[in-house]
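The values are calculated or read from the model by the stated rules, or taken from the named source; none is laboratory data. On a predicted model such as this, the values are computed, not experimentally measured, just so you know. Every residue, glycine among them, receives a Cβ derived from its backbone with ideal geometry; neighbour counts consider all protein chains shown.
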Amino acid sequence: MTGRSIPIDEVVVGGRLRATDDAHVETLMESIREVGLLHTITVAERGEGGFPLIAGAHRLEACKRLGHTEIEANVVTLSELQQKLAECDENLAGTVLTPTERALFTSMRKSVYEALHPETKHGGDRRSEDFKSSNCGLASFTRDTVAKTKRSRSSVERDAHRGRAILPEVLAAVKGTEFDTGTYLDKLAKLAHEDQRKVGEFMKSDNPVGARVTLNTTDPPAPEGDNVRHFPSAMTHIVRRELGRLAQAWDDASEETRQRFLRRLEKRGLKVPRVG
């Protein structure tokens, strides 16, 4: 790996699983104006089209908007699969993701990791001479992901299942909506692909009630008046989504982390039960 300054217009972003967030980009712009770029981006060695971006899409976009012509980068030599694996690791280990985004990145990481190391797949030939001679210490996808992301085994397996069971276009349709919670994703994962597509179409047409009906949820139906449905307010959607994220974070946390969090609440004057 080498660090050097490269032309910013020669960095190739390509198709990434997670789009940049304007609010985050603007925050980075303010920081870069004041103190410069503290963390360099990571790119692969220059190919025919330029330097493929591996990590730092928000930093890159912030520097572009600031009018920079060059950017500091760590230049590494990786295959295309290794580049995709690095992108997944960067997001899973260091970014606050929604349940949908975690499912997308985890399932992608599983596909890439097992393409790189097919002998680690369930049912792979672990008795082969190649495996014994060169991969005897290679971890399974789940163990490797737990080590890289510091998440629990159950969390990794759950997100991988959601990403595998739910169609990518449906995950994209529900991302950032009131259905971007673990509970709804688990319901989606149990549906046939035809019904999953119906949920996706309902969300694209701004019809969450139709999506709920397809999901057969226990949520109360939206009130009706003069044959016009009144959907929950945007704030209600935001609160539901944030509550879902808090619950998911609690589920994913280790016991030590949970107890430290409870002690922090107590220091702020909140009385909370000591639960697991």
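Of all residues in segment 24-45, those that are within 24 Å of residue 86 (Cα to Cα) have Cβ atoms under 8 Å from Cβ atoms of residues that are of a type in the set (Phe, Trp, Tyr) and at pLDDT 90 or above, 6 or more apart or on another chain, in 43/51; 44/51; 45/51. Among the strands (runs of 3 or more DSSP E) confined to segment 1-88, the ones with at least 1 residues that are exposed (fewer than 13 other Cβ atoms within 10 Å of the Cβ) are located at 2-7.
The C-beta contact set for segment 176-195 (first residue assigned to a helix (DSSP H, G or I), second residue at pLDDT below 90, distance under 6 angstrom, 6+ apart or interchain) comprises 182/248; 187/215; 195/214. Selection of segment 165-199 for residues being in contact with a Phe, Trp or Tyr (Cβ under 9 Å, 6 or more places away or on another chain) and over 17 Å from residue 98 (Cα atoms) yields only 199.
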